[in-house]
Amino acid sequence: MKQKIFSSLAILFLAAVLFSACSSKGNAEAAATEEPKKEEADMVDLSEDQFKTVNIQYGAVEDKNLSSVIRASGALDVPPQQLLTVSSPYGGTLKSTELLQGKPVTKGEVIAVLENPEFIQLQQDYLDYKSQLVYLKEELNRQEELSKENVNAKKTLQKASSDYNSMMARVQGLRSKLLLININPDKINPAGISGKANIYAPISGYVTKVMVNIGKFVNANQELFEIVDTRHLHAELTIFEKDVPKLKIGQKIRFVLNNETAERFAEVHLIGREISAERTVRVHGHLSQEDKNLLPGMYLKAMVETGLATTTALPDKAIVQSAGKSYIFIAAEEMNEEKIPEAADKNKTPEKHIPFKRIEVTTGVSENGYTEVILPEGFDRSSKVVINGAYDLLSKMNNVEEEE
């Protein structure tokens, strides 16, 4: 009985080993067939007539002195002095405002009106103390005259002077409070006392936030509006720690906004002196040309030019883009003869085809008709690179793929 069990187990084990071996062989064969398929997908050929029509021209990878660059990302921003939050040192009920997000305002323009009974009391106290100040001033002058003639006691003169100075401090204090709420003390009169105070735009610019509505009671120093002056935007870049030693004030910045393709320019103005937790440094760049249509917070991709450097490069026409990647074409092997079917005319001369291979590359800075290229590992620099007709080769390759 035991012998039968052992025999059965041995048979099952051998079957498992054979099945595993077959599977491995099958996978290896599948992998071996996939590799040529991938290589074939990067191949394209032209007939001799097509070669002449397209005017294929060859070149080679060259070493060129191109501007060395630091790639960075960032956003447009405004200096702190051009982004202001509007508030009031006194609370009150918002009686009127016409502000909406995006509305332009001019410095000194009335943008809101607050109402508070305290404003009435401040003006009453100011007029009252100001009136008393006039009386105390006259009393002080009278006591000074009497003191010169030794008619009054010195203590009386001191009391008059103290009362006058105390009232003067009260008047000046109330005057400052009224100016804080934009009420002109010189224009206050008993018939013109009001419980309303205007709020004026501190700068010219655009409204970016409206945080209150009419009828709402706002507390002292509560944020009401936010206004930004977009006339002097700057590019705020994030540079990695390893690239900081290459940075200098005055270096040229080239950047493209996320919603644009046109290149814009700026200049390095300030370099941050603190490394963040992400091991980056902030760089402040001044725009070469102001644009009122730009907005704070727009994201950008930038390149900071750090000087000339020798790098591998190819003519711009040699590089083509497809599906977000960059490619070049090189001459593959010797010319291949077209196979003629057995049923075809035996006297027909085989047509020769010139093969080309597509190579994926990474591009860098472009300058004076040349673009920096980072070639794949193991690339033969003696290869003949197509520098004219690369787009025609890409078009034919795409057409073949569609037909398949």
So if I check each of Thr238, Thr306, Thr310, which one is hydroxyl-bearing (Ser, Thr, Tyr), surrounded by fewer than 11 Cβ atoms within 10 Å (Cβ to Cβ) and more than 22 Å from Gly205 (Cα to Cα)? Thr310
Among the residues in the range 120-131, are any in contact (Cβ under 8 Å) with a residue 40 or more places away in the chain, assigned to a strand (DSSP E or B) and out of contact with any Leu (no Cβ under 6 Å at 6 or more places or on another chain)? no
Quick one: would you say Leu94 is in contact with a helix residue (DSSP H, G or I) (Cβ under 8 Å, 6 or more places away or on another chain), at pLDDT 90 or above and of a type outside the set (Gly, Ala, Ser)? no
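Return the only residue of Ala220, Ala201 being modelled with pLDDT of 90 or more and within 16 Å of Ile111 (Cα to Cα). Before the answer, list the steps.
On the way: Ala220 fails: within 16 Å of Ile111 (Cα to Cα).
After applying the criteria, what remains is Ala201.
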Consider Thr280 against the criteria (1) surrounded by fewer than 17 Cβ atoms within 10 Å (Cβ to Cβ); (2) at pLDDT 85 or above; (3) β-branched (Val, Ile, Thr): it satisfies all of them except one. Which criterion is unmet? (1)
If Met298 satisfies every condition in (1) surrounded by fewer than 17 Cβ atoms within 10 Å (Cβ to Cβ); (2) assigned by TED's automatic domain parsing to the domain that holds Ser395 but one, which is the exception? (2)
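Identify the residue in the range 69-87 that is of a type in the set (S, T, N, Q) and part of a strand (DSSP E or B) and, among all such residues, is nearest to His232 (Cα to Cα).
Pass one, the range 69-87, residues of a type in the set (S, T, N, Q): 73, 81-82, 85, 87.
Those left that are additionally part of a strand (DSSP E or B): 73, 85.
Working: Ser73: 20, Thr85: 18 Å.
For the range 69-87, the residue satisfying everything is Thr85.
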If we keep just the residues of the range 59-84 that are hydroxyl-bearing (Ser, Thr, Tyr) and surrounded by 15 or more Cβ atoms within 10 Å (Cβ to Cβ), which is nearest to Arg282 (Cα to Cα)? Ser68
3 or more residues within 30 Å of Lys103 (Cα to Cα) and without any contact (Cβ under 8 Å) to a residue 24 or more places away in the chain: qualifying strands (runs of 3 or more DSSP E) within the range 157-268: none
Only one residue in Val386, Val400, Val365 is surrounded by 12 or more Cβ atoms within 10 Å (Cβ to Cβ), among the aliphatic types (A, V, I, L, M), under 30 Å from Ser68 (Cα atoms) and at pLDDT below 90. Which one? Val365
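Any chance you could count how many residues in the range 283-293 are in a loop (DSSP other than H, G, I, E, B) and either among the polar types (S, T, N, Q) or surrounded by 15 or more Cβ atoms within 10 Å (Cβ to Cβ) (or both)?
In the first step, residues of the range 283-293 are kept if they are in a loop (DSSP other than H, G, I, E, B); the result is 288-293.
Within this subset, residues satisfying the condition of being either among the polar types (S, T, N, Q) or surrounded by 15 or more Cβ atoms within 10 Å (Cβ to Cβ) (or both) are 288-289, 293.
The qualifying residues number 3.
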Residues in the range 244-254: is at least one buried (at least 17 other Cβ atoms within 10 Å of the Cβ) and more than 30 Å from Ser288 (Cβ to Cβ)? no
The lone condition Lys317 fails out of (1) assigned by TED's automatic domain parsing to the domain that holds Phe379; (2) in a strand (DSSP E or B) is (2)
Only one of (1) of a type outside the set (Asp, Glu); (2) modelled with pLDDT of 90 or more; (3) loosely packed, with under 13 Cβ neighbours inside 10 Å fails for Lys154. Which number is that? (2)
Meets criteria (out of contact with any helix residue (DSSP H, G or I) (no Cβ under 8 Å at 6 or more places or on another chain), closer than 29 Å to Ala313 by Cα, of a type in the set (A, V, I, L, M) and buried (at least 16 other Cβ atoms within 10 Å of the Cβ)) for Leu99: no
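Residue check: is Glu260 surrounded by 13 or more Cβ atoms within 10 Å (Cβ to Cβ) and under 15 Å from the mean Cα position of the chain (by Cα)?
Working: surrounded by 13 or more Cβ atoms within 10 Å (Cβ to Cβ): no; under 15 Å from the mean Cα position of the chain (by Cα): yes.
Here the answer is no, as Glu260 does not meet what is asked.
The values are calculated or read from the model by the stated rules, or taken from the named source; none is laboratory data. Remember, it's a predicted structure, so these values are computed and weren't measured experimentally. Glycine also receives a Cβ, built like all others from the backbone with ideal geometry; neighbour counts cover every protein chain displayed.
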